[in-house]
Amino acid sequence: MAAPEAQLDVDGPGASGHLDRQLFAGIAWTAVFRWVAQIISWIGTFYAAHLLTPADYGVVTMAMVPIGLLRMVEDFGLDTVLVQDRSLDSDQLARLAGLALLIGGGLCIAFLVAARPIATFNHEPVVAALVSALSVTFIFDAVQLLPRATLQRQLRYRTLAAVTAAQFLVSAITLVTCARQGLGFWALVLNTIVASAIVTAVLVWLAPYAVAWPRNVVSIARPMLSGWRLLVSRASWYGYSNADQFLIGRVLGKESLGNYQFAMTFSGLPVQEVTSVVSRVVPGVFSAVQSQPAELRRYFLLLTEAMAYLALPAAAGLALTADHVVHIGLGPQWEAVIVPFRILCLYYAAYAAQVLVSHVLLWTGRFQANMWLSLLGVAGLVTAFSLTVRSGVVAVAWTWAVMFPLLCLPALVIAARAIDMRLRQFFAALLPATLACAVMAGAVLLVRSNLTNGRGDVPALLLESAVGAATYVAVLAVAYRARVISILRIVLARQG
């Protein structure tokens, strides 16, 4: 018997066919370019790894850690503000571009000064030269800031995807070429610098802009305040997303940390591939309709449900077959990874379900609310990790699976009010995929207990995956056929 189907809010009043086409074409192009670029990047990385030594990678990591930490806050949050705030005039944009260049130049000079102390701290003199060379990337990033935001606001997703792919390609070619020339660790530095320089030139050519000295601070005080709030939010995210590993390493030791890192990394791979593609496209679209709650609600529900159809079965399938995946991919010596791996799959399912909530807050200009919610997250999760870490990595994994969804509820309520959405509409968008995953789990567990028990990992994984996928598709076809088809029609029709 088919389950009752809730009304799908995808054809609300004022729906824009042009914007729909831009959205789904953007997702498609971003996915294609991203995955092709990653394949090229992996090939280049693996090839270079045969020419370089672990010491080469280690010494570059010493230089990249402080550089990477500051690159997280180098743009002062302006990358988001420039896309969201469509009231900024050309003079304000020029001043903000000037501010970004000042910040980038200041960070470049700061790292030139700090290069030798960083090398002394790491007991590697050559690190000073690497840090000095990499410091130029702060200037490249500052120059790229306004062109990237302009292309986002213009919904030029194919262009942005092509630029990103070009950066991966140039980086891979430079890495392999320099490694073959015997440049050692410099190959790992030059590939970053050369790719950044070329992409910066391309972006300025695609979206040229004026730069002004950031005087008359009052005129840009509002976007600067928003940027500051975004900085706090990002720092909070960095804090709670790394606190678990810091505490595990300090309290439980390197072996437990190694097991946990593998579990966290591999349990999230398929979900992050789905969510990252969508997250690269929604800023321009959500920003364009931020003053139209009905349209924004339509896109939010449509994309949330569409992502759930892909991300939730991926997370559930990994959780169900985690023992086979770990045995095949890592070997039996990684047995301790299996339980936290399964639990963290639940966390990533919850993450995928709410990933667009923060986008609603950001692209409707609710930076202050997002800041306080991020501070709530860091306070809640760090406290919970501190209480559970002595019980082991499984307890820390359960902290993610239980605490994270609870801490997301306030953000969901605020986002729902922003787009005039009832919470039952949000949960109704997740219901088809959730129900299908539950039936799929029952089918896979039944197969495990009767057919694959005692078999080898490879045949067991293949059989369980096939049964799980078939069951999931069958449930959607029987219980939610009209609902799924309506989404496919929107996506495919707009693409066509």
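A short reminder: the numbers here are calculations on the coordinates, not readings from a lab. Predicted model only: the values in this text are computed from it and were never measured. Please note: Cβ atoms are built from the backbone with ideal geometry, for glycine as well, and neighbour counts cover all protein chains shown.
Computed 3J(HN,Hα) for the range 380-390, one whole-Hz value per residue from the Karplus formula 6.51 cos²θ - 1.76 cosθ + 1.60 where θ = phi - 60°, is x, 6, 5, 4, 5, 4, 4, 7, 9, 4, 5, glycine and proline marked x. Comparing 343, 419, 378 along the charge dipole axis of the range 233-496, the residue lying farthest to the positive side is 419, per the Cβ-charge model.
In terms of overall dimensions, the range 309-431 has a Cα radius of gyration and Dmax of 16.7, 51 angstrom. Computed over the Cα atoms of the chain, the ratio of the radius of gyration to the Kirkwood radius (Rg/Rh) comes to 0.97. Net charge dipole, the chain: roughly 620 debye, given to the nearest 20, about the Cα centre with Cβ charges of +1 for Lys and Arg and -1 for Asp and Glu.
Here the Karplus curve 6.51 cos²θ - 1.76 cosθ + 1.60, taken at θ = phi - 60°, turns the phi angles of the range 286-302 into couplings of 4, 5, 5, 10, 4, 9, 10, x, 5, 5, 5, 4, 4, 5, 4, 5, 4 Hz, with x standing for Gly and Pro. 3J(HN,Hα) along the range 226-240: 4, x, 4, 5, 5, 4, 4, 4, 5, 5, 5, 4, 4, x, 7 Hz, from the Karplus curve 6.51 cos²θ - 1.76 cosθ + 1.60 with θ = phi - 60°, whole Hz, x for Gly and Pro. The charge dipole of the range 44-140, taken about the Cα centre with unit charges on the Cβ atoms of Lys, Arg (+1) and Asp, Glu (-1), comes to about 200 debye, rounded to the nearest 20. For the range 16-215, the dipole from Cβ point charges (+1 on Lys and Arg, -1 on Asp and Glu) about the Cα centre works out to 320 debye, to the nearest 20.
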